[in-house]
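**Student:** Got a structure for you, written out below as C-alpha coordinates; questions coming shortly.
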Amino acid sequence: SATLEATLEPNRSKIENMLSLQNLIKKLEFLFELPMRLKRSIELEAYVQAVKYYNTANAILEKYSHVLSFGSIHKESIEIMSGLKDLMYQKLCEGKQTASGMADLTKLLLQMEYPKKDLINILLKWTKVKLHNSLGAIKNSREIISEIYDENVKNNKNNSEAKTFNALNSEKQKVWNMVDQFINVYCQFGNNFKDLFLLKSNQ
(Lines give C-alpha, C1' and ligand atoms only; values in the text may rest on other atoms or scores of the structure.)
Protein backbone atom coordinates (compact mmCIF):
# COMPACT_ATOMS: atom_id res chain seq x y z
CA SER A 1 0.00 0.00 0.00
CA ALA A 2 2.79 2.40 0.92
CA THR A 3 4.64 1.57 -2.32
CA LEU A 4 1.51 2.13 -4.38
CA GLU A 5 0.85 5.43 -2.60
CA ALA A 6 4.38 6.63 -3.30
CA THR A 7 4.12 5.57 -6.95
CA LEU A 8 0.82 7.43 -7.54
CA GLU A 9 1.75 10.56 -5.57
CA PRO A 10 3.43 12.46 -8.46
CA ASN A 11 0.44 11.85 -10.75
CA ARG A 12 -1.99 12.88 -8.02
CA SER A 13 -0.12 16.12 -7.45
CA LYS A 14 -0.07 16.75 -11.20
CA ILE A 15 -3.83 16.23 -11.47
CA GLU A 16 -4.51 18.48 -8.47
CA ASN A 17 -2.37 21.21 -10.00
CA MET A 18 -4.16 20.86 -13.32
CA LEU A 19 -7.60 21.07 -11.66
CA SER A 20 -6.50 24.10 -9.67
CA LEU A 21 -5.24 25.76 -12.86
CA GLN A 22 -8.46 24.88 -14.69
CA ASN A 23 -10.56 26.46 -11.93
CA LEU A 24 -8.38 29.57 -12.03
CA ILE A 25 -8.81 29.85 -15.81
CA LYS A 26 -12.58 29.54 -15.46
CA LYS A 27 -12.62 32.32 -12.85
CA LEU A 28 -10.49 34.54 -15.08
CA GLU A 29 -12.76 33.85 -18.06
CA PHE A 30 -15.79 34.80 -15.95
CA LEU A 31 -14.14 38.05 -14.87
CA PHE A 32 -13.12 39.05 -18.38
CA GLU A 33 -16.59 38.20 -19.70
CA LEU A 34 -18.38 40.03 -16.86
CA PRO A 35 -19.25 43.28 -18.72
CA MET A 36 -20.63 41.28 -21.64
CA ARG A 37 -22.64 39.02 -19.30
CA LEU A 38 -24.06 42.04 -17.49
CA LYS A 39 -25.12 43.78 -20.71
CA ARG A 40 -26.71 40.61 -22.05
CA SER A 41 -28.63 39.99 -18.83
CA ILE A 42 -29.95 43.56 -18.85
CA GLU A 43 -31.02 43.24 -22.49
CA LEU A 44 -33.01 40.13 -21.55
CA GLU A 45 -34.38 41.92 -18.46
CA ALA A 46 -32.77 39.21 -16.34
CA TYR A 47 -31.96 41.71 -13.60
CA VAL A 48 -31.61 39.09 -10.87
CA GLN A 49 -28.94 37.32 -12.91
CA ALA A 50 -27.09 40.58 -13.56
CA VAL A 51 -26.96 41.45 -9.86
CA LYS A 52 -25.84 37.90 -9.05
CA TYR A 53 -23.02 38.07 -11.62
CA TYR A 54 -21.85 41.43 -10.28
CA ASN A 55 -21.96 40.44 -6.61
CA THR A 56 -20.06 37.24 -7.39
CA ALA A 57 -17.19 39.08 -9.07
CA ASN A 58 -17.13 42.45 -7.34
CA ALA A 59 -15.05 41.45 -4.30
CA ILE A 60 -12.29 39.97 -6.50
CA LEU A 61 -12.32 42.95 -8.87
CA GLU A 62 -12.07 45.38 -5.96
CA LYS A 63 -9.17 43.44 -4.48
CA TYR A 64 -7.19 43.49 -7.73
CA SER A 65 -8.43 46.81 -9.14
CA HIS A 66 -4.81 48.06 -9.08
CA VAL A 67 -4.09 45.59 -11.89
CA LEU A 68 -4.80 47.43 -15.14
CA SER A 69 -6.99 44.79 -16.81
CA PHE A 70 -9.01 44.09 -13.65
CA GLY A 71 -9.33 47.79 -12.90
CA SER A 72 -10.76 48.40 -16.36
CA ILE A 73 -13.29 45.56 -15.99
CA HIS A 74 -14.24 46.82 -12.53
CA LYS A 75 -14.84 50.36 -13.75
CA GLU A 76 -16.95 49.21 -16.72
CA SER A 77 -18.98 46.86 -14.53
CA ILE A 78 -19.70 49.64 -12.02
CA GLU A 79 -20.93 51.89 -14.85
CA ILE A 80 -23.19 49.13 -16.20
CA MET A 81 -24.65 48.40 -12.78
CA SER A 82 -25.18 52.10 -12.12
CA GLY A 83 -27.25 52.24 -15.29
CA LEU A 84 -29.18 49.14 -14.21
CA LYS A 85 -29.86 50.70 -10.82
CA ASP A 86 -31.29 53.82 -12.48
CA LEU A 87 -33.37 51.68 -14.84
CA MET A 88 -34.87 49.57 -12.06
CA TYR A 89 -35.59 52.64 -9.94
CA GLN A 90 -37.37 54.24 -12.91
CA LYS A 91 -39.49 51.12 -13.40
CA LEU A 92 -40.30 51.12 -9.70
CA CYS A 93 -41.39 54.77 -9.81
CA GLU A 94 -43.55 54.17 -12.89
CA GLY A 95 -45.48 51.59 -10.87
CA LYS A 96 -46.54 49.48 -13.86
CA GLN A 97 -45.39 46.24 -12.24
CA THR A 98 -47.48 43.70 -10.36
CA ALA A 99 -47.13 43.55 -6.57
CA SER A 100 -44.58 40.73 -6.90
CA GLY A 101 -42.77 42.67 -9.63
CA MET A 102 -42.52 45.73 -7.38
CA ALA A 103 -41.18 43.53 -4.57
CA ASP A 104 -38.57 41.94 -6.86
CA LEU A 105 -37.29 45.34 -8.05
CA THR A 106 -37.19 46.63 -4.48
CA LYS A 107 -35.23 43.58 -3.30
CA LEU A 108 -32.63 44.03 -6.05
CA LEU A 109 -32.27 47.73 -5.31
CA LEU A 110 -31.77 46.93 -1.63
CA GLN A 111 -29.01 44.50 -2.61
CA MET A 112 -27.45 47.34 -4.59
CA GLU A 113 -27.59 49.50 -1.42
CA TYR A 114 -30.25 51.93 -2.63
CA PRO A 115 -31.59 54.10 0.25
CA LYS A 116 -34.19 52.07 2.12
CA LYS A 117 -36.32 55.11 2.99
CA ASP A 118 -36.85 56.01 -0.69
CA LEU A 119 -37.90 52.47 -1.55
CA ILE A 120 -40.35 52.33 1.37
CA ASN A 121 -41.97 55.59 0.24
CA ILE A 122 -42.40 54.31 -3.33
CA LEU A 123 -43.99 51.03 -2.18
CA LEU A 124 -46.33 52.87 0.18
CA LYS A 125 -47.39 55.29 -2.55
CA TRP A 126 -47.94 52.46 -5.08
CA THR A 127 -50.01 50.44 -2.61
CA LYS A 128 -52.07 53.49 -1.61
CA VAL A 129 -52.95 54.16 -5.26
CA LYS A 130 -53.93 50.52 -5.85
CA LEU A 131 -56.13 50.40 -2.74
CA HIS A 132 -57.71 53.77 -3.55
CA ASN A 133 -58.53 52.59 -7.09
CA SER A 134 -60.10 49.40 -5.73
CA LEU A 135 -62.27 51.36 -3.31
CA GLY A 136 -63.33 53.69 -6.12
CA ALA A 137 -64.32 50.76 -8.34
CA ILE A 138 -66.29 49.16 -5.48
CA LYS A 139 -68.11 52.45 -4.87
CA ASN A 140 -69.00 52.71 -8.56
CA SER A 141 -70.41 49.18 -8.60
CA ARG A 142 -72.51 49.89 -5.52
CA GLU A 143 -73.95 52.92 -7.29
CA ILE A 144 -74.74 50.77 -10.33
CA ILE A 145 -76.52 48.26 -8.07
CA SER A 146 -78.61 51.09 -6.58
CA GLU A 147 -79.51 52.29 -10.08
CA ILE A 148 -80.61 48.78 -11.07
CA TYR A 149 -82.85 48.56 -7.99
CA ASP A 150 -84.36 51.99 -8.76
CA GLU A 151 -84.92 51.00 -12.38
CA ASN A 152 -86.60 47.80 -11.25
CA VAL A 153 -89.05 49.77 -9.10
CA LYS A 154 -89.99 51.97 -12.07
CA ASN A 155 -90.39 49.04 -14.44
CA ASN A 156 -92.01 46.65 -11.99
CA LYS A 157 -95.03 46.27 -14.18
CA ASN A 158 -93.00 45.38 -17.26
CA ASN A 159 -91.99 41.86 -16.12
CA SER A 160 -88.29 42.76 -16.07
CA GLU A 161 -87.54 40.74 -12.91
CA ALA A 162 -85.38 38.07 -14.63
CA LYS A 163 -83.32 40.70 -16.44
CA THR A 164 -82.89 42.68 -13.23
CA PHE A 165 -81.92 39.56 -11.28
CA ASN A 166 -79.17 38.70 -13.81
CA ALA A 167 -77.87 42.27 -13.88
CA LEU A 168 -77.73 42.43 -10.10
CA ASN A 169 -75.96 39.08 -9.80
CA SER A 170 -73.39 40.14 -12.38
CA GLU A 171 -72.70 43.43 -10.61
CA LYS A 172 -72.57 41.80 -7.17
CA GLN A 173 -70.01 39.31 -8.45
CA LYS A 174 -67.89 42.20 -9.69
CA VAL A 175 -68.05 43.78 -6.24
CA TRP A 176 -66.95 40.56 -4.53
CA ASN A 177 -64.08 40.19 -7.02
CA MET A 178 -62.95 43.74 -6.34
CA VAL A 179 -63.19 43.26 -2.57
CA ASP A 180 -61.10 40.12 -2.95
CA GLN A 181 -58.55 42.05 -5.01
CA PHE A 182 -58.44 44.81 -2.39
CA ILE A 183 -57.71 42.30 0.37
CA ASN A 184 -55.05 40.56 -1.74
CA VAL A 185 -53.22 43.83 -2.44
CA TYR A 186 -53.36 44.81 1.23
CA CYS A 187 -52.12 41.43 2.49
CA GLN A 188 -49.42 41.15 -0.17
CA PHE A 189 -48.11 44.59 0.73
CA GLY A 190 -47.87 43.54 4.38
CA ASN A 191 -46.00 40.35 3.51
CA ASN A 192 -43.66 42.12 1.07
CA PHE A 193 -42.92 44.90 3.55
CA LYS A 194 -42.06 42.38 6.25
CA ASP A 195 -39.84 40.31 3.94
CA LEU A 196 -38.05 43.32 2.45
CA PHE A 197 -37.60 45.68 5.37
CA LEU A 198 -38.22 43.90 8.66
CA LEU A 199 -36.55 40.50 8.44
CA LYS A 200 -32.92 40.51 9.55
CA SER A 201 -31.81 38.47 6.52
CA ASN A 202 -32.70 41.40 4.25
CA GLN A 203 -31.26 44.18 6.38
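The values are calculated or read from the model by the stated rules, or taken from the named source; none is laboratory data. Predicted, not measured: the structure shown is a model, and the values here were computed from it. These accessible areas exclude ligands, DNA and RNA; they are computed on the full protein's heavy atoms, side chains included. Shrake-Rupley method; radii C 1.70, N 1.55, O 1.52, S 1.80 Å.
**Student:** Checking L28 against (1) open to solvent by 100 Å² or more (accessible area, probe 1.4 Å); (2) modelled with pLDDT under 90; (3) not basic (K, R): exactly one of these is not met. Which one?
**Tutor:** (1)
**Student:** Taking the conditions exactly as written (over 23 Å from F193 (Cα atoms), open to solvent by 70 Å² or more (accessible area, probe 1.4 Å) and not in a helix (DSSP H, G or I)), does E79 satisfy them or not?
**Tutor:** No: the conditions fail for E79.
**Student:** State which residue is farthest from G101 (Cα to Cα) when the search covers only region 153-200 and only residues that are of a type in the set (K, R) and at pLDDT below 80.
**Tutor:** Checked region 153-200; the qualifying residue farthest from G101 (Cα to Cα) is K157.
**Student:** Out of everything in region 58-95 that is under 14 Å from the mean Cα position of the chain (by Cα) and of a type in the set (K, R), what residue ends up being nearest to W126 (Cα to Cα)?
**Tutor:** Restricting to residues being under 14 Å from the mean Cα position of the chain (by Cα) and of a type in the set (K, R), the top hit is K91.
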